[in-house]
Amino acid sequence: MMSVEQIRKNVISCTKCELCKTRKNAVPGKGNSNADVMFVGEAPGRSEDERGEPFVGAAGKILSKFLGRAGISRDNVYITNVVKCRPPDNRVPKTEEREACREYLAEELAAIKPKIVCVLGNTAFGSVLGGSEITKYRGKTARKDGQLYFITVHPAATIYNSGLVEVLDGDIAKMFSLIRELKSGGNIKADIEYS
Ligand code: URA
Ligand code: SF4
């Protein structure tokens, strides 16, 4: 199995899709390699591309704020994206880019073995679980290949839809309460089972 450090190195020098031509910096996942939860967003934006770190711009500030309200520090979680390089003008990553980048997400999962993967927004929901209609499925758990997932909205969505602030707050609180339940030996019946 590959270490998080090795995955990082491979991402930083990756040229497997055309996003490598327009990026300033590739953005590998970052955080605690023993994390209980791995957050998966869509793709790096401008600030992330500048700094080579995930969720450090506006969306990142919002994510940190929601984590803080749940009493969780960013140092205790692992944060990554479906694609590790910024799409030009922040367009949605193309299917071939997601496919090219998929192995890194799989390697991150294998290295970190989180208790739960938190899927942030529709792009991650589509790429990771093949889902759509995030507003219908958010707040739910899913199980796929033995891995437990929690589905919620993207933090950036709360900028344009203030009604989602309460929704994301509630979802994050619910997810961490599920993690506490798991850690005390409880069993979670997933809302959605993928074969
Ligand atoms: N939005 C994302 O989905 N990921 C980031 O890293 C930053 C913003
Ligand atoms: Fe490689 Fe992923 Fe960046 Fe494409 S987006 S160049 S596959 S790291």
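The values are calculated or read from the model by the stated rules, or taken from the named source; none is laboratory data. Keep in mind that what you see is a predicted model, and the values were worked out from it rather than measured. Because the Cβ atoms are built from the backbone with ideal geometry, glycine has one as well, and the counts that use them run over all protein chains shown. Only protein heavy atoms, including side chains, enter the accessible area calculation; ligands, DNA and RNA are left aside. Shrake-Rupley method; radii C 1.70, N 1.55, O 1.52, S 1.80 Å.
Pairs meeting the criteria (first residue in region 31-60 and of a type in the set (Ser, Thr, Tyr), second residue near ligand 1 (Cβ under 10 Å from one of its atoms), beta carbons under 8 Å, at least 6 apart or on different chains) are SER47/VAL56; SER47/GLY57; SER47/ALA58; SER47/GLY60. Restricting to region 17-32, give me the number of residues that are buried (at least 16 other Cβ atoms within 10 Å of the Cβ) and assigned to a loop (DSSP other than H, G, I, E, B). Counting residues in region 17-32 that are buried (at least 16 other Cβ atoms within 10 Å of the Cβ) and assigned to a loop (DSSP other than H, G, I, E, B) gives 8.
For ILE72, are the conditions met, namely being within 13 Å of ligand 1 (Cβ to nearest atom), open to solvent by 10 Å² or more (accessible area, probe 1.4 Å) and hydrophobic (A, V, I, L, M, F, W, C)? No; evaluated as a whole, the condition is false for this residue. Scanning region 109-126 for residues that are within 14 Å of the chain's Cα centre (by Cα) and touching a residue at least 60 places away in the same chain (Cβ under 8 Å) yields a total of 12. Under the condition of being surrounded by fewer than 18 Cβ atoms within 10 Å (Cβ to Cβ), out of contact with any Ser or Thr (no Cβ under 9 Å at 6 or more places or on another chain) and not in a helix (DSSP H, G or I), the residues counted in region 33-69 number 1.
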